[in-house]
Amino acid sequence: MPAYQLHLKDKRIEWGNAIDVEYLIGTYSQDSIRTGENAALNWKLPDGIYRAKEVVIELDKLLEAILVQLGEPIDGNPSVLLDSLQANLAISGDLSSLPLGPLALKDKAGVEITAQAARIGEQLVLWAREINSEKRALAQYGPETLGELEFRSHCYGHTLIPEAIAQVWGPAGGPKVMQLYNEYLHQFVLLRDALLPFANWEQVPFEVKEHTQFKGLRFLEPARKIFLTQLLGKELTHKAIVQYAQSVVSSGLTSAGYGFQYSLGTVFPAGLGESAGTASRYLLKWHPVQTIETEDTQDLVAISFEYEYDDYYAAPRREAGAGIPGSKDHLRVAEANIDSPSVARLLPNTDSDRTTVRFSLEREGHAFTVDLGQLFRGHRFSYRPEQNNHSKDTAVERTSTSIHQVADILSHPGLVTNTDAGVHFISTGGNELVQWALLGKLYPENVVLLDKGDQEELEAALVSGKGCGTQFLVL
């Protein structure tokens, strides 16, 4: 199997073996509409591997059954019921099932999840409208079978727009139709919430196993409750997001690191393969790769990727050294003429009871490696130049300004810091792989990522970050 590759502009990251999961998607041993208890027609997601759109296709069967039982057409089309779904999946409004908009979360994880919830909800509704317009279920089952679908839906939390209430509880509706529509709404809410951790949520494959006590995605409700409690309580950590993602894809893992491998691929923080300055800090991304290699994809084991240093505060630290004395007014001239590596490799280490991964670069015949988990941690804790929140009047009086070479920083053991209150400038020569590597090596306390290194950005950077202590500027 070929090595998996991520491309970052003209650079790339390689690791593991690329795997193919496409043949597993959408192949199910049973139908979602089938005879259940008491010989009544029921709906359940059958055992199998799904992506988001496959679940939407199965959920449309519920909507088509509802429309048949209402005596479609109801005032011409199903748009009213789909409009009510849209109101439930919106992040604001009286009917919102997850009103993150009015909460205006300010923590970085909350901001990312809020935007994610809006994106996913909007796309799910677009798919629901598109798929319903095709009337696949009506063609597959016919109106007689869809008219017989009936079950009890245990959920009371979703409210409807007035027009939907009039339809569902109107002359052609009633409790039977309401139960179907309630389940339709609830499964969409569960689907949207399940996908919140993943930046590439449309691509994520996950396993559904039938449970006697759970219908469809309801097996996710316990993990979802914990996750939303942390999110709404503004206590959502990266580890909590990973823990929830592991539950969503049915990994079977109980402990969480910064990423994990499961039977259908690898999940790492979404920044991997993106520009550090703009990459998501808390979301995750699924990759079709076998990071810890096995002979057969079917034997792919679930494994958690752990930080080299569980507590970075206790990690060994080394002084960056004096570097080359410079002036904070002329740091732009510090760009180093460095050899620019174009490939980074991820190297798993399974020799102990903890699995770690190294991010490795080769430069001038030497390999420089940093812990991948620390790299992501350094990214989460890094700062960007703040143009509006500070002024020159708030600038800290720095005791010194020095310029460092990339190789000098990466060659140190442990994490690199300095005890003075000076500014330490490191230029990567525009190499984003090197910038990521530095985030895994610098002590994650007062590191500011630069884009251009011009005078305006430098002035903003000098008053960004903690506002005290050693400051590292990485261009």
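Computed extension length for ASN38-GLU148: 38.3 nm, one decimal, from 0.36 nm per residue of separation with the Cα-Cα distance subtracted. Relative to the dominant Cα principal axis of the chain, helix 238-248 is inclined by about 30°. Under a 5 Å amide H cut-off, with hydrogens placed 1.01 Å from N, PHE198 pairs with LEU284 among residues at least 5 apart or on other chains.
With each label modelled as a point 7 angstrom along the Cα→C-beta vector, the GLU319-SER342 pair spans 4.0 nm. Remark: the stretch 441-454, residue by residue, has Karplus-estimated 3J(HN,Hα) of 10, 6, 4, x, 10, 8, 9, 10, 8, 9, 9, 10, x, 6 Hz, where x stands for each Gly or Pro and the curve is 6.51 cos²θ - 1.76 cosθ + 1.60 at θ = phi - 60°. Karplus-based coupling profile of the stretch 159-167, in residue order and whole Hz: 9, 10, 5, x, 5, 5, 4, 4, 6, with θ = phi - 60° in 6.51 cos²θ - 1.76 cosθ + 1.60 and x standing for Gly or Pro. So for the pair LYS452, ASN200, with labels modelled 7 Å out along Cα→Cβ, what separation do we get in nm? It is 3.2 nm.
3J(HN,Hα) couplings calculated from phi for the stretch 21-34 with the Karplus curve 6.51 cos²θ - 1.76 cosθ + 1.60 (θ = phi - 60°) are, in sequence order, 10, 4, 5, 8, 7, x, 10, 10, 6, 10, 8, 6, 9, 7 Hz; Gly and Pro show x.
Taking neighbour Cβ counts within 10 Å as the exposure measure, how do LYS215, LYS176 sort from fewest upward? Walk me through the intermediate numbers first.
Values: LYS215 20, LYS176 13.
Final ranking by Cβ density, sparse to dense: LYS176, LYS215.
For the chain, the residue among GLY174, GLY48, SER402 whose Cα projects farthest onto the positive side of the dipole built from Cβ charges is SER402.
Tell me, CYS155, CYS468 in order of fewest to most beta-carbon neighbours within 10 Å?
Working: CYS155 15, CYS468 9.
In order of increasing Cβ crowding within 10 Å: CYS468, CYS155.
In the chain, helical runs assigned H by DSSP with n ≥ 4 each contribute -39500 (n - 2.57); averaged across all residues and rounded to the nearest 500, the mean residue ellipticity at 222 nm is -10500 deg cm²/dmol.
Given +1 at the Cβ of Lys and Arg, -1 at the Cβ of Asp and Glu and no other charges, the dipole of the chain around its Cα centre is 720 debye to the nearest 20.
With respect to the chain, whose longest principal axis is taken over its alpha-carbon atoms, helix 175-194 is tilted by about 10°. Close amide H contacts of GLY429 (hydrogens built in the peptide plane, cut-off under 5 Å, sequence separation of 5 or more or a different chain): ALA336.
Checking a compactness column here: for the chain, what do you get for Rg(Cα) / (2.2 N^0.38 Å), N being the number of residues?
Computed over Cα atoms of the chain, the ratio equals 1.14.
With each label modelled as a point 7 angstrom along the Cα→C-beta vector, the VAL111-GLU130 pair spans 3.1 nm.
When the pairs LYS106/LYS452; LYS44/LYS285; LYS53/LYS176; LYS9/LYS135; LYS108/LYS225 are compared against a 32 Å limit on Cα-Cα distance, LYS9/LYS135 fall above it.
So who's got an amide H within less than 5 Å of the one on ARG363, skipping anything under 5 residues away but keeping other chains? H placed 1.01 Å off N, in plane. So ARG363 has HN proximity to PHE368.
No value in this document is a laboratory result; all are computed from the given coordinates. Source: prediction; values computed, not measured. Here the Cβ is made from the backbone with ideal geometry for all residues, glycine too, and neighbour counts use every protein chain on show.
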